[in-house]
Amino acid sequence: ARPPPPARPPGARGPAPARRPPARPNAEGAGQPPVVIGHDMRQSSPGLAGSFAAGVRDAGRDVLLIGLAATDELYFASGSLGAPAAMVTASHNPAAYNGFKLCLAGAVALSAATGLDEIRDAAASQRGVGAGSATARGSARTVDLLPSYVDHLLRVAPVRGRRLKVVVDAANGMAGLTAPAVFARLDVGLVPLYFELDGTFPNHEANPLVPENLADLSAAVVAEGADLGLAFDGDADRCFVVDERGEPVSPSVVTSLIAIRELDRHPGARIISNLVTSRAVPELVTAHGGIPVRTPVGHSLIKAEMVRTGAVFGGEHSGHYYFRDFWSADSGMLAALHVMGVLAASEHPTSQVAGALSPYSASGEINLTVPSPTACLLRLESRFAHQHGVELDRLDGLSVTGKDWWFNVRASNTEPLLRLNVEAVNAETMTDVRDSTLALLRSET
């Protein structure tokens with residue numbers, strides 16, 4: 001039997017803490033929580049998780065193994081247990097890739113500023129604690145946190161109202177494990193698509209940001225007469241939505257939709273969106289009495305800003321959504337529950353609800369390969385620096401704003417690419433700005 005959750009003081013806010021595993025005495029890690037380790041369904045993930053666990057134990061720290069898990073389930077473990085954590089996953093990347101997502105205790109993002117560079121340097125120089133150097137080897141324990149994770153999500157984002165029919169594309173990723181557990185507790189007609197865990201991704205890549213990877217979901221939504229479709233990436237920390245016509249709903253619209261719901265519960269709260277999210281987001285936040293906060297792109301930056309500002313919610317154009325009620329971490333499943341909650345409470349179809357929150361025309365993200373992203377941005381800035389009626393800022397890359405349009409060009413954090421996003425008051429203006437900006441960028445390569 002699971003122990004009952006600890007009592008909370010009257011009036012307490014935020015996520016309820018889970019029971020913290022006891023620290024192991026008489027070891028190098030005495031008095032410290034265990035390191036939580038989870039992994040996705042890729043063929044190389046169990047071995048990498050086992051090796052990581054062995055290294056942690058050799059350093060004298062206990063490990064808590066949660067096995068197959070979505071990344072947001074790992075964040076739940078880290079937040080509720082107050083423990084550092086490591087997730088073995090390559091997220092949306094191809095099958096041959098793999099890696100680690102790391103966080104500090106409380107699901108705090110590990111960034112270059114908070115230790116990631118130190119880990120890189122230690123690995124490169126082979127510094128650090130070697131095998132067997134601890135006075136006592138750490139222990140290992142396996143736990144199943146999936147039921148507690150589901151309990152928390154449904155407590156934070158209940159779905160009430162009309163019964164929805166929903167197609168879910170797990171892309172053979174970790175939503176194939178978490179979605180059945182969540183939907184079993186909902187009065188929702190679930191149509192599963194690619195729920196079999198298979199790290200070779202036999203049906204399509206687990207990257208819903210690529211439009212062709214939504215094709216099967218869109219077709220299934222129309223064929224089933226469903227109210228909406230949900231697509232998750234490989235580690236299920238991102239969620240994308242298609243409407244009842246099979247048309248994609250932009251993450252900016254999803255951000256606005258969730259922001260309005262959160263502002264109904266937390267009047268006057270701060271809502272975060274990154275600078276390439278639609279300008280409709282801060283406008284709607286302001287119209288509903290909230291305080292918009294604009295940030296650069298990047299999960300560690302947004303998580304830190306969530307904590308610094310006390311924001312209740314944050315959204316990115318890439319399909320990442322962050323919640324104060326989830327330790328300011330991102331959760332694709334929690335975003336999905338909020339979307340279903342809004343639609344279940346509405347009499348209108350998804351397309352109509354989404355259309356009311358999408359007043360502008362956007363290009364979507366366009367990637368360009370360039371020899372030197374930094375040099376290209378500097379040359380582009382010089383083109384607009386003295387242009388009348390245009391404003392420039394460099395919060396993240398270069399943003400150029402005109403009377404009825406804006407664009408942002410920024411360098412990828414992981415690839416030698418420039419990423420362009422354009423938005424305007426209508427499709428004709430957006431197309432003109434997009435094409436002229438692309439011509440300028442290509443002339444600089």
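The values are calculated or read from the model by the stated rules, or taken from the named source; none is laboratory data. It should be emphasised that the depicted structure is a prediction, and the values quoted were computed from it without experimental measurement. Cβ atoms come from the backbone with ideal geometry, glycine included; neighbour counts cover every protein chain shown. Side chains included, ligands, DNA and RNA excluded: accessible areas come from the protein's heavy atoms. Shrake-Rupley method; radii C 1.70, N 1.55, O 1.52, S 1.80 Å.
Quick check: is even one residue across the stretch 183-193 under 25 Å from LEU209 (Cβ atoms), modelled with pLDDT of 95 or more and in a helix (DSSP H, G or I)?
Looking through the stretch 183-193, at least one residue is under 25 Å from LEU209 (Cβ atoms), modelled with pLDDT of 95 or more and in a helix (DSSP H, G or I).
Any idea how many residues of the stretch 66-119 are within 16 Å of the chain's Cα centre (by Cα) and among the acidic types (Asp, Glu)?
Summing the residues that are within 16 Å of the chain's Cα centre (by Cα) and among the acidic types (Asp, Glu) in the stretch 66-119 gives 2.
Output the residues belonging to the stretch 266-285 that are out of contact with any helix residue (DSSP H, G or I) (no Cβ under 8 Å at 6 or more places or on another chain) and in contact (Cβ under 8 Å) with a residue 40 or more places away in the chain. Even if it seems obvious, please write down each step before you answer.
At the first step, the residues of the stretch 266-285 found to be out of contact with any helix residue (DSSP H, G or I) (no Cβ under 8 Å at 6 or more places or on another chain) are 266-268, 275-276, 279, 282-283.
Within the stretch 266-285, HIS266, LEU275, VAL276, ARG279 qualify.
Answer yes if at least one residue in the stretch 241-255 is among the basic types (Lys, Arg), crowded, with 20+ Cβ neighbours inside 10 Å and at pLDDT 95 or above, and no otherwise. Lay out the reasoning, then the answer.
Taking the stretch 241-255 as the starting set, the residues that turn out to be among the basic types (Lys, Arg) are 245.
Restricting the remaining residues to those that are crowded, with 20+ Cβ neighbours inside 10 Å gives none.
No, the conditions are met nowhere in the stretch 241-255.
Of the residues that make up the stretch 375-384, is at least one modelled with pLDDT of 95 or more, over 27 Å from the mean Cα position of the chain (by Cα) and not hydrophobic (A, V, I, L, M, F, W, C)?
no
Taking the stretch 304-319, which residues are open to solvent by less than 10 Å² (accessible area, probe 1.4 Å) and either of a type in the set (D, E, K, R) or outside any loop (DSSP other than H, G, I, E, B) (or both)?
Going through the stretch 304-319, the residues open to solvent by less than 10 Å² (accessible area, probe 1.4 Å) turn out to be 306, 311-316, 319.
Residues satisfying the conditions are MET306, PHE313, GLY314, GLY315, GLU316.
Kindly evaluate ARG238 against the criterion of being open to solvent by 30 Å² or more (accessible area, probe 1.4 Å) and closer than 26 Å to PHE323 by Cβ.
Values: open to solvent by 30 Å² or more (accessible area, probe 1.4 Å): no; closer than 26 Å to PHE323 by Cβ: yes.
So ARG238 does not fit the description; no.
Testing LEU441 on (1) in a loop (DSSP other than H, G, I, E, B); (2) out of contact with any Pro (no Cβ under 6 Å at 6 or more places or on another chain), one condition comes back false. Which one is that?
Single failed check for LEU441: (1).
Can you name every residue in the stretch 281-303 that is part of a helix (DSSP H, G or I) and in contact with a strand residue (DSSP E or B) (Cβ under 7 Å, 6 or more places away or on another chain)? Reasoning before the result, please.
So in the stretch 281-303, the residues part of a helix (DSSP H, G or I) come out as 281-287, 299-303.
Passing the criteria: VAL281, PRO282, VAL285, THR286, HIS299, SER300, LEU301, ILE302, LYS303.
Restricting to the stretch 375-425, what's the tally of residues that are open to solvent by 80 Å² or more (accessible area, probe 1.4 Å), under 17 Å from SER318 (Cβ atoms) and not charged (D, E, K, R)?
The qualifying residues number 2.
State which residue pairs qualify: first residue outside any loop (DSSP other than H, G, I, E, B) and inside the stretch 345-359, second residue polar (S, T, N, Q) and open to solvent by less than 30 Å² (accessible area, probe 1.4 Å) in any location, beta carbons under 8 Å apart, and separation of 6 or more residues or different chains.
Once the first residue is outside any loop (DSSP other than H, G, I, E, B) and sits in the stretch 345-359, its partners that are polar (S, T, N, Q) and open to solvent by less than 30 Å² (accessible area, probe 1.4 Å) give VAL353/SER346.
Restricting the search to the stretch 237-260, which residues are in a loop (DSSP other than H, G, I, E, B) and under 14 Å from the mean Cα position of the chain (by Cα)?
Applying the first criterion (in a loop (DSSP other than H, G, I, E, B)) to the stretch 237-260 yields 237-238, 243-247, 250.
If the condition is that a residue be in a loop (DSSP other than H, G, I, E, B) and under 14 Å from the mean Cα position of the chain (by Cα), then ASP237, ARG238 are the ones that fit.
Of (1) in contact (Cβ under 8 Å) with a residue 40 or more places away in the chain; (2) under 30 Å from ARG61 (Cα atoms); (3) open to solvent by 10 Å² or more (accessible area, probe 1.4 Å), ASP151 satisfies all except one. Which?
For ASP151, the exception is condition (1).
Would you check which residues across the stretch 376-404 are in contact (Cβ under 8 Å) with a residue 60 or more places away in the chain and assigned to a helix (DSSP H, G or I) and list them?
Here is the first cut: in the stretch 376-404, the ones in contact (Cβ under 8 Å) with a residue 60 or more places away in the chain are 376, 379-380, 395-396, 399.
Selection gives CYS376, ARG379, LEU380.
Out of VAL297, VAL312, VAL293, report the one residue that is closer than 30 Å to GLY82 by Cα and free of Cβ contacts under 8 Å to residues at least 24 places away in the same chain.
Values: VAL297 fails: free of Cβ contacts under 8 Å to residues at least 24 places away in the same chain; VAL312 fails: free of Cβ contacts under 8 Å to residues at least 24 places away in the same chain.
Exactly one residue qualifies, and that residue is VAL293.
Can you name the helices (runs of 4 or more DSSP H) wholly within the stretch 39-130 that have at least 3 residues being open to solvent by less than 50 Å² (accessible area, probe 1.4 Å) and more than 23 Å from VAL182 (Cβ to Cβ)?
Numbers: elements: 45-58, 71-81, 116-125.
Counting at least 3 such residues, we get 45-58.
As an exercise: evaluate SER331 against (1) open to solvent by 10 Å² or more (accessible area, probe 1.4 Å); (2) closer than 19 Å to ILE260 by Cβ; (3) at pLDDT 95 or above and give the number of the one condition it does not meet.
(1)
Open to solvent by less than 30 Å² (accessible area, probe 1.4 Å) and among the hydrophobic types (A, V, I, L, M, F, W, C): which single residue out of VAL159, VAL167 fits that description? Explain how you work it out, then say what you get.
Details: VAL159 fails: open to solvent by less than 30 Å² (accessible area, probe 1.4 Å).
Every option except VAL167 fails the conditions.
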